[in-house]
1. When the accessible area of the range 258-334 is computed with all protein chains present and a 1.4 Å probe, what percentage of it is carbon and sulfur?
2. Could you work out the percent of alpha carbon pairs in the range 565-611 separated by over 18 Å, rounded to a whole number?
3. Excluding residues fewer than 8 places away in the same chain, name every one of the aspartates and glutamates whose C-alpha is closer than 12 Å to that of Lys206.
4. Within the range 127-172, which chymotrypsin sites (Phe, Trp or Tyr not before Pro) sit in a loop by DSSP and count at most 15 neighbouring Cβ atoms inside 10 Å?
5. Tell me the Kirkwood radius of the chain: reciprocal of the mean inverse pair distance over distinct alpha-carbon atoms, in Å.
6. Check each of the trypsin sites (Lys or Arg not before Pro) in the range 294-365 and keep only those in coil by DSSP with at most 12 other C-beta atoms within 10 angstrom; list them in order.
7. Provide the per-residue ³J(HN,Hα) series for the range 200-207, in order, calculated from phi with Karplus coefficients 6.51, -1.76, 1.60 and θ = phi - 60°, each as a whole number of Hz, with x at glycine and proline positions.
8. Show me, for the range 51-59, the HN-Hα J-couplings you get by feeding each phi into the Karplus relation (A = 6.51, B = -1.76, C = 1.60, θ = phi - 60°), rounded to Hz, glycine and proline as x.
Amino acid sequence: MADTTYSAKHIQVLEGLEPVRRRPGMYIGSTDIFGLHHLLTEIVDNSIDESLAGYAKNVWIVIWEDERITVTDDGRGIPVEKHPVAKKSTLEVAMTVLHAGGKFGQGAYKVSGGLHGVGASAVNALSEYNQVIVKRDGKIWGQEYKRGKPTTEVIEVKDGSKIKIDYLKNEPFLDNFSQKTGTTTTFLADKSIFSTISVDLNQILKQIKERAYLVAGLYFHILDKRSGRQLHFYFDGGVESLVRHLNKNKKPVNDPPFYFKKDIDGVGVETAIQYNDGFAETVESFVNVINTHEGGTHLAGFRTALTRSVNDYARKQGYLKENEENFTGDDMREGLTAVIAVKMNSENLQFEGQTKGKLGNAEVQPIVNQILREGLDFYFGENPAEARRIIEKISLASKARMAARAAKDAVLRKGALEGAALPGKLTDCQERDPAQSELYLVEGESAGGTAKQGRDRKFQAILPLRGKILNTERARLDKILEFEEIKILIIALGTGIGDTFNIDKIRYHRIFIMTDADVDGEHIRTLLLTFFFRYLPQVIEKGYLYIAQPPLFKIQSRNEINYAYSDLQMNEEVKKLNGKPVNVQRYKGLGEMNAEQLWDTTMNPQNRFIKQVKVEDAAKADEVFNMLMGEDVPPRKRFIQSNAQLANLDI
């Protein structure tokens, strides 16, 4: 008989670092590659904290061939003496006890990226192996751990001791491990917890480069021994350099960028703003060098100050007449590239979650607002030509917004006249629950006809698109809405667009771009991706956008038919049929398949191969779309020349 009582025995108490191992997502966000990267940044940010405190000048990172990662700095080194309360080495306390660190109470750090005191201990808990070496007072100390539990005492490291550091001393990149003080952490992520323990160097470089921009005077040295790549980062231009980097392939409206830095009540604010002639917005926000990708109160203060300062100046100088509306926040965003970085006492920080995605301190918003308004008012007054160009840019965006509003109203009216707001070209599904519904965006009427015959009408809708849609990277919304195929797509999705967009009204939770496997098909796919990224980014953020993967080859031997989705797979399938007569057909278009084949290979949820569209690095994605689809030819030409040998063309 089941025990239905609820008593003290049902309350489980997890000791030490066991909560981290049981629920890693609570501490590092996930156990995929993003969580793996979070381990590294937790350790790197501890070294950065030493720099912000005025000590460390260098951070070295080594990714070893076996996927171990070493992070070492020339800061003060974690204290090793006995902790007055815990009665054990302070190093061991820092590495094995949650919420223990120099960022609480009268800690060693006023400004820190750490908050909850779980960074180093969480990394320790989630590592198959961890070694920490500390240089202090002319001695070297160390301790080793396995899945968060010490396997040695904190001991002085000498020749013949149990803890070995020859791999550090013998690595030329680390300059014979010669710094006099500092902390070195070497860890190997636990493969029983993470889906991968192999870090993505490019993503790591992006995170390190951000920090190099934000921490003046700190050198970063990175060696990936898996590939031999060695890189060094150092920037003394601060966030202004970062803004220039984000705008590197774009034409600036105001040059040099607006830059301002000031402290109020212990909160330091540093910001840089530079408009470009494009239509997209790129704004990066940071708190104590942590990228707050979800924004927060500092970003809210930034936006309020920018909108009010621009409107006040525009009114004062006569750019806005008495009968004209103020510019809106949306008007300010077109072509805006900006960085807002806040530094404050780590004791007072209020992040939402350990992964620090959003700042919650309410008192920061008015401080950022005050500092930025002061800086912008001074900048506009001292640089009237730059101010005029910015106002003209924003004014054009305002006029386009009003034109787009009229165009959107026309789209909605037209949709309503076509029967329940759905275009005639759309062959809808029977299902009305968006979570169960799929929409296929198909290239051309011929493929659309095949898809309509092959689909499951219960939950799969088909929208054929005629030809190549407009390149939305080079057009404002009012012009985009004049393009018939885009209007049809917007009506079919049901979300609206621009300031009327509502993701909750979307009619399909799986939207597939299904194009031919040739150059034209890839171009159409890129045009559609550009449209979604620039004008319906929430569809991507919600995970609703996918790329369908039709097979490239049909491999037939007598009555046996197989399909291959790559050249490698095709060769493997042919080898399996060794000795038999084999016919290989290369599909160049969806129209070459009959309805049954298209269903079996591409649309059947049981068999199909699909790719979900994600944006892991918004700034990098913005740079790539601008380079591939923007007006500037030289960056695109350089890209084509550099990657031409990788192209696989059917001629």
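1. Numbers: 1430 of 3340 Å².
Accessible surface attributable to carbon and sulfur in the range 258-334 totals 43 percent.
2. Numbers: 464 of 1081 pairs.
The share of Cα pairs beyond 18 Å in the range 565-611 comes to 43 percent.
3. By straight Cα distance, Lys206 reaches Glu616, Asp617.
4. Here no chymotrypsin sites (Phe, Trp or Tyr not before Pro) fit, given the DSSP loop and packing criteria.
5. Answer for the chain: a Kirkwood hydrodynamic radius of 28.3 Å.
6. Passing sites in the range 294-365 are Lys321.
7. 8, 4, 4, 5, 4, 4, 4, 5
8. 5, 4, 7, x, 10, 5, 10, 9, 10
The values are calculated or read from the model by the stated rules, or taken from the named source; none is laboratory data. Predicted model only: the values in this text are computed from it and were never measured. Because the Cβ atoms are built from the backbone with ideal geometry, glycine has one as well, and the counts that use them run over all protein chains shown. These area figures cover heavy atoms from the full protein model, side chains too; ligands, DNA and RNA do not enter into them. Shrake-Rupley method; radii C 1.70, N 1.55, O 1.52, S 1.80 Å.
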